[in-house]
Amino acid sequence: IAGTVAIVGFPNVGKSTLINRLTQSRAAVVHETPGVTRDRKELLCEWTGTWFRLVDTGGVDAADGGPFGSKIAEQARAAIEEADLVLFVVDARAGITPGDEELAAILRAAKRPTIVLANKIDDPRRDTDAAVFHRLGLGEPWPLSGLHGHGSGDLLDEIVARL
Ligand code: GDP
Ligand code: MG
């Protein structure tokens with residue numbers, strides 16, 4: 001296993017949809033442990049000969065969210081701790097939310113390699129919408145549509161290149 005990739009982001013930004021997309025392309029899901037905890041789902045994936053562990057931190061819903069120290073932030077911290085690479089998913093249609101700011105602060109402090117995924121950009125002509133997320137201070141945001149797959153092959157290439 002080349003490394004562990006954690007997917008973090010507030011509820012409804014599209015984490016689960018992205019995981020489905022990533023694992024139903026060429027990546028093979030060989031091991032799934034749903035419900036080990038309510039909040040955590042772990043998959044083993046393969047892309048162009050490289051195996052990695054993909055951890056979905058979804059499962060805490062928006063009602064649990066809110067101020068610093070929330071369950072969402074707590075869960076993200078734990079996932080970031082064990083990750084070699086973090087995929088920070090944001091909803092490009094919503095713009096930067098207080099929840100995004102909260103997670104971005106945790107990620108900046110953790111200094112883990114992070115890719116900001118500006119998700120829900122279904123139309124490649126809107127890729128420039130990703131640029132506003134630069135302000136999160138975590139590097140160049142990637143335009144992506146987990147739902148339609150736009151950008152997901154490039155993302156898998158990038159993941160294995162950075163592990
Ligand atoms: P999670 O809570 O972060 O796991 O988010 P989900 O994957 O459950 O997605 C939340 C909602 O956003 C669902 O209605 C998805 O269909 C929708 N969604 C996810 N990804 C995309 C996308 O790339 N484009 C659009 N238009 N909708 C998306
Ligand atoms: Mg989810």
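In this label model, residue 158 and residue 48 are separated by 1.4 nm, measuring between points 7 Å along each Cα→Cβ vector.
For residue 12, the amide hydrogen comes within under 5 Å of no other amide hydrogen, counting only partners 5 or more places away or on other chains and with H modelled in the peptide plane. The protection proxy used here, the mean number of other Cβ atoms lying within 10 Å of each residue, ranks peptides 76-86, 123-133 as follows, highest first: 76-86, 123-133. Charge tally around residue 14: other residues with Cβ under 14 Å, Lys/Arg +1 each, Asp/Glu -1 each, net 0.
A simple spin-label model places the labels of residue 101 and residue 135 0.9 nm from each other, with each point 7 Å out along Cα-to-Cβ.
Within a 10 angstrom radius of the beta carbon, how do 150, 134 rank from fewest other beta carbons to most?
134, 150
Stretched out straight at 0.36 nm per residue, the stretch from residue 147 to residue 126 would grow longer than its current Cα-Cα span by 6.1 nm.
Here, each number is a calculation from the coordinates, and none is a lab measurement. As the structure is a computational prediction, the values presented were derived from the model and not from experiment. Glycine gets a Cβ as well: all are built from the backbone with ideal geometry, and neighbour counts include every protein chain shown.
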